[in-house]
Amino acid sequence: MDGRHSKIYQSPGFEGLETQAIAGLSVHRMDIDQDFCNSNTYKGYFSEAFPGVPDADLYSKEKAGLAIAAYERTMMSNQAPFQQWLKGDYNALFEDEKRGAVLFFGKANCVSCHTGPALNKMEFHGLGMSDLDGPGIYGTAVDKPENLGRGGFTNNPEDNFKFKVPQIYNLKDSPFFGHGGDFRSVREIIEYKNQAVPRNPRVPQSQLAAEFVPLGLSAEEIDQLTRFVENGLYDANLDRFNPSSLPSGFCFPNNDFFTKNDLGCN
């Protein structure tokens, strides 16, 4: 995202999920207007979601993004083994996963940042990871503001190279990790945090998080912590959130003619 979306971040009352959903519609070049809504059943959904809003203000990317964010807030990874264990099913975790959980909340001190129900935090920290222009998947120009993390949006030098603490459920299916995308596994991230040697020479020491210090974990402990994060925090039943059909008649999740034709779905 760039300056074209800066007005979103100045809108009062919007949380991170809302700003991402609104900006994402522009990033993915999606148009929403009254003509589009008049041509399908989305018109009624807009009116139901935002009663009393005049038509002139109703059919917009902002309103669509707010609706998308509201839906996303209902999609919770709440059937992971660790959550079942917390509810009293003490057979939900394997022994190594339990040991990993003890490390997570103890020696490794992951909980200093990854806390609360989602194991995240509404804070921004610098871990010295590679930029988006580094050896990851994005190839973003080195002078792009997103390489500065939060500082790229606030223009406050104290925020430079600091990124939001993410939630860590359902990570093991991802092929890329870290905001530069140059880590390839959960274990690589844990090893990086254990060593606490920054990869990015552009990040000054003053911008690194106080928590970014060597953890002293052994190889066995890294294995145990990895198993807890990958498996203990993995909800394998997220398909329960997939809609059975879409108003457009196209396929979930791409919602376009080409996917419908390729997948042959209803």
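For the reader, a short list of remarks on this structure follows.
- So S174, is it within 21 Å of E230 (Cα to Cα) and either outside any loop (DSSP other than H, G, I, E, B) or assigned by TED's automatic domain parsing to the domain that holds I190 (or both): yes
- Every condition in (1) farther than 30 Å from A23 by Cα; (2) crowded, with 19+ Cβ neighbours inside 10 Å holds for A69 except the one numbered (1).
- Qualifying residue in the stretch 194-201 (condition: in a helix (DSSP H, G or I) and under 25 Å from K107 (Cβ atoms)): yes
- Among residues of the stretch 61-83 that are farther than 17 Å from A118 by Cα and in the same structural domain as L25 (by TED's automatic domain parsing), those with a Cβ under 9 angstrom from a residue that is polar (S, T, N, Q) and at pLDDT below 90, sequence gap 6+ or separate chain, pair up as K61/S26; E62/S11; G65/T19; G65/Q20.
- Scanning the stretch 169-187 for residues that are surrounded by fewer than 19 Cβ atoms within 10 Å (Cβ to Cβ) and either hydroxyl-bearing (S, T, Y) or touching a Cys at 6+ places or on another chain (Cβ under 9 Å) (or both) yields S174, S185.
- Looking only at the stretch 1-49, and only at residues there that are of a type in the set (S, T, Y) and not in a helix (DSSP H, G or I), the one that is modelled with the lowest pLDDT: S11
- For beta carbons closer than 7 Å, sequence separation of 6+ or different chains, a first residue in the stretch 39-50 that is surrounded by 15 or more Cβ atoms within 10 Å (Cβ to Cβ) and a second that is in a helix (DSSP H, G or I) and at pLDDT below 85, the qualifying pairs are K43/C37; F46/C37.
- Selection from the stretch 129-152 of residues that are hydrophobic (A, V, I, L, M, F, W, C) and modelled with pLDDT of 85 or more: M129, L148
- Within the stretch 50-64, the residues that satisfy the criterion of being in a helix (DSSP H, G or I), within 30 Å of the chain's Cα centre (by Cα) and more than 20 Å from F250 (Cα to Cα) are D57, L58, K61, E62, K63.
The values are calculated or read from the model by the stated rules, or taken from the named source; none is laboratory data. Since the structure is predicted, the reported quantities are computational estimates derived from the model, not experimental observations. Heads up, the Cβs are rebuilt from the backbone with ideal geometry, glycines too, and the neighbour counts pull from every protein chain shown.
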